[in-house]
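Okay, structure first, notes after.
All of the numbers you see were taken from the coordinates with simple rules; none came from a lab. Here the structure is a predicted model, which means the values were calculated and not measured. Note that we place each Cβ from the backbone using ideal geometry, even for glycine, and neighbour counts take in every protein chain shown.
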Amino acid sequence: MTDSFDLLVIGAGPAGYVAAIRAAQLGFRTAVADEHAAAGGVCLRVGCIPSKALLESSQRLVAARTELRVHGGLAGEIGLDLPAMMKRKDRVVTTLTRGVSSLLRKNKVEHIQGRARLGDLDGELRRVVIAGEQGEHEVQARNVIVATGSRPATLPGIELDGDRIGTSTEALAYDAVPERLVVIGAGYIGLELGAVWNRLGSNVIVLEYLDRILPGADTEIAAAAEKIFRRQGLDIRLGSRVLGAKVKDGKDETGCVVEVDGADPIDCDRVLVAVGRTPISDGLGLEEAGAALDERGFIRVDERFATSAPGVFAIGDVIGGPQLAHKAEEEGMACVEGIAGGAVHIDYDAIPGIVYTEPEVASVGRTEEQLQEAGTPYRKGAFPFRAIGRARATGSLEGFVKILAHAETDAVLGVHILGSHAGDLIAEAVAAISFGASAEDLFLTSHAHPTLSEAVKEAALAVHGRAIHM
Ligand code: NAD
C-alpha cells in the first residue's frame, strides 16, 4: 500500500504534532509517523507531564506534612501510597496522550505507527518507509518534517541497566522509594526528579561536575536556588566529576556504586543519570538523503528549518537549541507556515525556561553574566517575595524577581524569577521582551493586588530606584 501526502511529520511529540495540526488547518493532506502508539512524544509520555504530576503530588505531601499545621490544619500522620501516586501520574499521561490523538483525528491527520526512514525522491515526492508491527509500509510525501526529538545522554563508564542505573524514564516509575539515590547532573532533570524523591523520603545526593547548579541560568538566581534546595535536604556536591557507575555484582550485594574523581566511591540503591540529552538523528536515512548533521548529531537547518535534503525539514530537539517543548512547538508552527509560503520567525530571545522545583526557577532573555560579557550597559531591579502581601498570606516567601533593563533605552533584556509560581509569572516578562517593552512599561501596567505579580512590578520600579514596598 502506498499513500501520498502533502506533508509527513516524523515524530508525534510537541514539535511534530503541532506541526501536523497546523498543516492540516492550512489544508495539507498530512500524516504523522511515530513508533509509539501513544501520541505526545517524550514530553507527554516520559518527560514534562509525568514529572510535573509527581512534582505536584510530592509537594502536596510535603505541604500536608509540614505546612498544614501553620495554617490551622490538624492532621494525623500522613503516609505515602506510592502506587496510588504513580497511578495518578499514569492517568494524567493517558488522558493527555489520548487528547493529542483525538486532536490529530479531529484535524484528519493520519497517525501511522512505526519507525520511519527516508528513501529516495520520486519526482517531487520523497519516499518514506515506515516499519511497524504489521510490516513495512511505504508512503510518499511532498514535504517531510523530521521531529524525532532527543534521548537521554550518558557518560563513559556508566552502564545503564534500565533499572537501578537509569535515566529520567526509570526515575518517573521507581516502584519503591530508594533509600539512597545518586543523581548525576544538577540541571533541569536532576533537580526536578531529585526534588521528587527527596520529598518522598530518599537521601538524594546530586553530583554536579561544574562549580554551580543550573548551568546557563543567571548565577545569582542559581546560587539562591541552590541554598534553598540544600535546606530542603538535597546533598548537592559541586565539582564532582563522575567516572563511572555500576550495579554491584558481588554475592549478597544489591546496590550500585558511583565512582567520583578524587572522592570516595558512593554506595546507593539507584542512580539517575541526568547529564543532558542527545538528538535522535540516527537510523532515519538522513545522511543518505543528503541532510547534513553537525558534529554532535544535530540536524543542520536554515532559517526556514530546511535541511540540505530537498523537501526535508527538521524542528525541535533534533536541531539543537533549548531542548524545551514550547520551543519545539513554536518551530512546528513556524516551519509549516514557511512550507505554505509564509514568513518564518521565532524570537529565540523570548523563549522562557522553567525548572519546576519549589520554589520554581523561571527566566527569559539575557542573564546578568551575558550582559556583562557583551559589555551591554544595564540597570538591575530586584524585589523579594517576602515583601509581597500575597506571599505572606500564602506562606511562600522564598525567592525574588530580578529584572535587567538596558541602561540607556530601558528595554527589558532579561527577567529571572525564583519563587512559587515563577513559571506562571514569567509569562508577563516573555510578553514584555517579545513586544520590546521597557521596565517603565512594566511598572506602568496595573498589577492586581494582592497577587505575586506585584513583585514583577516592584522589580521594574526598582530598576528606576523607586520600589514602593522596600
Ligand atoms: P541539563 O543540561 O539541564 O543538565 C545536565 C547537568 O549535568 C549539567 O549541570 C552538567 O554540568 C552536568 N554534567 C554533565 N556531565 C557531568 C558529569 N560527568 N558529572 C556530573 N555532572 C555532569 O540536562 P538534563 O537535566 O539531563 O535535561 C536534559 C534537557 O531536558 C535539558 O536541556 C532541558 O532543556 C530539558 N528539560 C527541561 C525541563 C523543563 O523545561 N522544566 C525539565 C526536564 C528536562
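Here are a few things to note about the model shown:
- Among Thr169, Ile228, Gly320 - extreme Cα towards positive end, dipole of the chain, charges at beta-carbon: Ile228
- Centre separation in Å (Cα based) which lies between the stretch 395-468 and the stretch 73-109: 33
- Extension gain, Arg304 to Ser434, is 44.8 nm, computed as 0.36 nm per intervening residue step minus the present C-alpha separation.
- Square roots of five times the Cα gyration tensor eigenvalues for the stretch 176-284, Å: 23, 19, 14
- Net charge of the neighbourhood of Glu398, taken over other residues with C-beta under 10 Å away and scored Lys/Arg +1, Asp/Glu -1, is +2.
- Radius 13 Å from Cβ of His326, net charge of other residues (Lys, Arg +1; Asp, Glu -1): -4
- Spatially near lysine pairs across the chain, Cα under 16 Å, sequence gap of 8 or more or different chains: 5
- Neighbourhood charge, 14 Å Cβ-Cβ cut-off, centred on Glu373 and excluding it, Lys, Arg +1 and Asp, Glu -1: -2
- Dipole magnitude of the chain, debye to nearest 20 (Cβ charges: Lys/Arg +1, Asp/Glu -1, about Cα centre): 1380
- The loop-placed trypsin sites (Lys or Arg not before Pro) in the stretch 90-142, going by DSSP, that have at most 15 neighbouring Cβ atoms within 10 Å of their Cβ come out as Lys108.
- For the stretch 176-230, the Cβ-based charge dipole about the Cα centre amounts to some 200 debye (Lys, Arg positive; Asp, Glu negative; other atoms uncharged).
- Projecting the Cα atoms of Ile112, Ala343, Ser446 onto the charge dipole of the chain (Cβ charges, centred on the Cα centre) puts Ser446 farthest toward the positive pole.
- Added length on full extension, which subtracts the Cα-Cα distance from 0.36 nm per residue, Gln134 to Asp175: 11.5 nm
- Computed about its Cα centre, the charge dipole of the stretch 165-275 is approximately 180 debye, with only Lys, Arg, Asp and Glu carrying charge at their Cβ.
- Alpha carbon centroid spacing (whole Å) that separates the stretch 202-223 from the stretch 276-332: 29
- Coarse-grained scattering of the chain at q = 0.07, 0.09, 0.14 Å⁻¹, given as base-10 log I(q)/I(0) from a Debye sum over alpha-carbon atoms: -0.41, -0.68, -1.39
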